[in-house]
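Visitor: Please read through the structure below; I'll follow up with questions.
The values are calculated or read from the model by the stated rules, or taken from the named source; none is laboratory data. These numbers come from a predicted model, not from an experiment. Heads up, the Cβs are rebuilt from the backbone with ideal geometry, glycines too, and the neighbour counts pull from every protein chain shown. With ligands, DNA and RNA removed, areas are computed over all heavy atoms of the protein, side chains included. Shrake-Rupley method; radii C 1.70, N 1.55, O 1.52, S 1.80 Å.
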Amino acid sequence: MKRLQKYLAITLTALLAAAFVVPAGASDPAAVITAGFTETDYDAMTALGESVTVWAEPGKEEIGTIADGELVHVSREWYDANKNVTWCYITCGDISGWVLLSVLDLDFPAEGYVRFEEMWEEEVEMLYAPSAVETGLYDMAVESEAAYNGSMAKEAYWEPTEMYPYPFPEFYLEGETYEEYEETGFQLVESAPLSTFSADVDTASYANIRRMIMDGYGVLQIPEDAVRAEEFVNYFSYDFDKPEDGEMFSASVEASVCPWNESHNLLMIGIRAKDENVKEIRQNLVFLVDISGSMWSNDKLPLAKKGMLKLLDTLTPEDTISIVTYASGEDLVLDGVHPTERNLGHIKARINQLEADGSTAGEKGLQMAYEVAKENYIEGGNNRIILMTDGDLNVGISDPDDLERFITEKAKTGIYLSALGFGEGNLRDDVIERLADCGNGNYSYIDSALEAKKVLIDEAASTLFTVANDVKFQIEFNPEAVNAYRLIGYENRRLADTDFRDDTKDAGEIGAGFEMVALYELIPADSDAAINLRYGQTESEENDFSDELGVLSIRWKGTGSEEAEEKSIIINKDVYTDNPTNAFRFAASVAEFAQTLRGSDNNGTGSLEHVYDILQELDLDDEYKEEFKYLVRTLLGRE
């Protein structure tokens with residue numbers, strides 16, 4: 001968004017100054033800038049425990065309050081009256097000012113959410129509506145009216161012009177690196193009845209692509225290898241049934257017609273890990289923070305610091321927090337400090353003092369972080385390093401293969417490594433993903449303070465507290481029911497079939513209450529598309545498996561244990577339904593979206609239009625799913 005702002009600043013200043021309508025109470029656009037307050041002011045207010053009140057006009061119609069995060073509930077009546085974008089007046093203690101609020105979606109149910117928009121910094125000599133840009137508008141002249149007149153916003157959104165096009169973003173991707181992989185095609189059941197893969201709890205790919213879409217990228221500009229379908233699907237919650245008492249996992253299985261190929265079926269396997277009372281688990285957290293020169297921008301180190309401060313507020317005096325930084329060298333900023341009331345001010349001050357400068361000696365920083373975590377090790381606790389970086393390692397070990405060997409050895413100490421990726425332009429996604437995978441942790445991409453809150457606070461149990469190590473899945477398909485299958489995503493998580501019961505083979509970790517989805521596109525045995533072998537498997541006369549689709553097996557190790565456990569579940573044909581659940585249809589739409597972005601050869605009739613049509617029919621039960629619908633619609637406008 002900042003890139004677009006600077007790109008258009010000179011050419012549009014005069015146009016915008018003439019076209020903008022200023023809200024009541026502000027005499028001119030300059031007054032809006034000086035009266036508004038920044039996102040930093042907003043975070044300071046919420047840190048003090050102050051509630052932010054939103055008014056239609058100062059002291060008059062109260063719209064709502066922002067108690068936490070960046071979202072405010074609004075009534076249907078207010079939304080219908082204001083539609084897409086509106087100026088609002090915000091008060092918090094002695095601070096007040098005009099700000100923009102933009103509605104995330106045009107098709108809310110009874111209640112909706114409004115995102116708080118930060119005001120631009122004063123050195124920028126222009127004012128425009130960021131929310132109108134985020135809805136996909138290309139024509140800034142149209143935008144100036146649409147931003148302040150909700151009745152025009154939707155109309156303008158569907159009428160992009162060539163007057164002021166988005167700058168082509170390939171330049172900004174030149175420094176970003178992604179692991180290349182080939183999409184797996186269909187496997188014949190008679191020759192390959194087993195499908196074996198590792199758990200994947202990462203969600204970084206979806207958040208990263210969301211950043212690209214919000215920055216103005218179209219489908220053709222999004223790097224194919226940045227799209228990992230399983231991370232798209234696993235970003236969302238599905239409310240699967242909890243495991244029964246004493247069980248580690250539950251499995252919710254459902255099948256129906258494949259939305260993008262009606263001659264095929266789609267099988268959804270939803271896994272949910274057991275919950276854990278994480279409040280009783282002591283934590284030994286080591287923040288490993290990249291403060292090199294590449295981390296200077298607002299979407300990197302400043303955003304990382306906000307995430308650290310948010311997580312700090314959830315810790316107890318029994319926990320310990322350490323901070324290791326690395327740039328040209330490594331530095332121990334905090335060593336095993338308890339976040340007591342007396343120490344909180346000191347910890348926050350040290351976090352706020354972090355500044356970016358120098359090269360990136362990631363190897364030394366990693367070594368120090370593991371040493372500090374080992375010194376403060378808590379038996380039976382959550383011992384974890386949280387790496388915050390753009391992944392641009394240019395001193396020491398920087399090759400992904402060398403990093404993999406280094407971290408794999410360190411992971412044997414019982415200390416987990418989670419990674420948070422930041423920024424754009426030089427994001428080393430391939431490096432960060434490998435670090436987290438080999439460190440027995442998870443990889444999330446942080447593109448906003450709201451995402452930091454989601455990962456580090458709202459979903460802390462599933463992202464920071466591991467309940468099962470080396471989790472593997474193996475499905476054996478019944479050739480009498482399934483002719484061929486294709487696992488969607490998980491390309492870099494595939495395992496050899498013999499690895500399933502080889503407990504020396506590393507696999508993914510799963511956190512408390514985490515939900516994971518595996519989607520299989522199936523060609524039924526009686527399908528016209530089925531490939532039948534003349535010399536196929538001989539049917540057994542002793543066993544009748546005609547009612548079964550296959551068998552799901554899960555294998556894992558409990559935390560602190562080297563002994564593996566295994567559970568098997570028969571998948572019967574009766575999981576098929578002509579009326580699939582909302583969860584099934586939503587997961588399928590997310591997978592189709594990912595396949596469309598990748599230009600998948602297996603996407604059949606799939607398209608953005610089809611995905612959006614499905615979402616229009618669904619009851620989307622949280623703001624993240626509403627936001628996904630918004631992203632699909634935004635890309636549609638650009639196409």
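Visitor: From (1) modelled with pLDDT under 95; (2) β-branched (Val, Ile, Thr); (3) under 30 Å from ALA525 (Cα atoms), pick out the condition that doesn't hold for THR559.
Guide: (3)
Visitor: Can ASN284 be described as part of a strand (DSSP E or B) and open to solvent by 10 Å² or more (accessible area, probe 1.4 Å)?
Guide: When the stated conditions are applied, ASN284 does not pass them.
Visitor: Before we move on, is THR634 within 22 Å of the chain's Cα centre (by Cα), closer than 19 Å to VAL257 by Cα and part of a helix (DSSP H, G or I)?
Guide: Taking the combined requirement at face value, the residue does not satisfy it.
Visitor: Would you call THR203 open to solvent by 10 Å² or more (accessible area, probe 1.4 Å) and either touching a helix residue (DSSP H, G or I) at 6+ places or on another chain (Cβ under 6 Å) or modelled with pLDDT of 95 or more (or both)?
Guide: Against the criterion (open to solvent by 10 Å² or more (accessible area, probe 1.4 Å) and either touching a helix residue (DSSP H, G or I) at 6+ places or on another chain (Cβ under 6 Å) or modelled with pLDDT of 95 or more (or both)), THR203 qualifies.
Visitor: Answer yes or no as to whether ASP497 is charged (D, E, K, R), out of contact with any His (no Cβ under 6 Å at 6 or more places or on another chain) and touching a residue at least 40 places away in the same chain (Cβ under 8 Å).
Guide: yes
Visitor: Within the range 408-430, restricting attention to residues that are aliphatic (A, V, I, L, M), farther than 19 Å from SER198 by Cα and outside any strand (DSSP E or B), which residue is farthest from the chain's Cα centre (by Cα)?
Guide: ILE415
Visitor: Scan the range 333-359 and report the pairs whose first residue is in contact (Cβ under 8 Å) with a residue 24 or more places away in the chain and more than 17 Å from LEU315 (Cβ to Cβ) and whose second residue is of a type in the set (S, T, N, Q) and open to solvent by 70 Å² or more (accessible area, probe 1.4 Å), with Cβ atoms within less than 7 Å and a gap of 6+ or a chain change.
Guide: That search, which allows pairs on different chains as well, returns GLY358/SER328; SER359/SER328; SER359/ASN394.
Visitor: Taking interchain pairs and intrachain pairs at least six residues apart, which have beta carbon atoms under 7 angstrom, with the first residue in the range 585-608 and in contact (Cβ under 8 Å) with a residue 40 or more places away in the chain and the second of a type in the set (Lys, Arg) and in a helix (DSSP H, G or I)?
Guide: PHE586/LYS625
Visitor: Right, something else. Of the numbered conditions (1) closer than 23 Å to GLU623 by Cβ; (2) not in a helix (DSSP H, G or I), LEU311 fails exactly one; give the number of that condition.
Guide: It is condition (2) that LEU311 fails.
Visitor: Let me ask something additional. When the residues of the range 470-529 are filtered to those that are among the basic types (Lys, Arg) and touching a helix residue (DSSP H, G or I) at 6+ places or on another chain (Cβ under 8 Å), which remaining residue is nearest to LEU552 (Cα to Cα)?
Guide: LYS472
Visitor: If you don't mind, another one. Considering SER237, SER252, which residue is open to solvent by 10 Å² or more (accessible area, probe 1.4 Å), at pLDDT 95 or above and closer than 26 Å to ASN382 by Cβ?
Guide: SER237
Visitor: Now a separate question. Conditions: (1) more than 21 Å from SER256 (Cα to Cα); (2) touching a Lys or Arg at 6+ places or on another chain (Cβ under 7 Å); (3) open to solvent by less than 60 Å² (accessible area, probe 1.4 Å). LEU620 meets all but one. Number of the miss?
Guide: Every condition holds for LEU620 apart from (1).
Visitor: Further question on the same structure: Using the structure shown, decide if GLY365 is in a helix (DSSP H, G or I), at pLDDT below 95 and touching a Lys or Arg at 6+ places or on another chain (Cβ under 9 Å).
Guide: Against the criterion (in a helix (DSSP H, G or I), at pLDDT below 95 and touching a Lys or Arg at 6+ places or on another chain (Cβ under 9 Å)), GLY365 does not qualify.
Visitor: Has the range 263-280 got any residue that is in a strand (DSSP E or B), exposed (fewer than 14 other Cβ atoms within 10 Å of the Cβ) and in contact (Cβ under 8 Å) with a residue 40 or more places away in the chain?
Guide: The answer is yes, given that some residue of the range 263-280 is in a strand (DSSP E or B), exposed (fewer than 14 other Cβ atoms within 10 Å of the Cβ) and in contact (Cβ under 8 Å) with a residue 40 or more places away in the chain.
Visitor: Inside the range 532-547, can you point out the residues that are surrounded by 12 or more Cβ atoms within 10 Å (Cβ to Cβ) and at pLDDT below 80?
Guide: Passing the criteria: GLY536, GLN537.
Visitor: Let me ask something else about it. Can you name every residue in the range 317-333 that is closer than 17 Å to LEU301 by Cβ, open to solvent by 10 Å² or more (accessible area, probe 1.4 Å) and modelled with pLDDT of 95 or more?
Guide: Selection gives VAL333 alone.
Visitor: Out of the residues in the range 231-248 that are under 23 Å from the mean Cα position of the chain (by Cα) and of a type in the set (A, V, I, L, M, F, W, C), state the one that is nearest to THR581 (Cα to Cα).
Guide: PHE240
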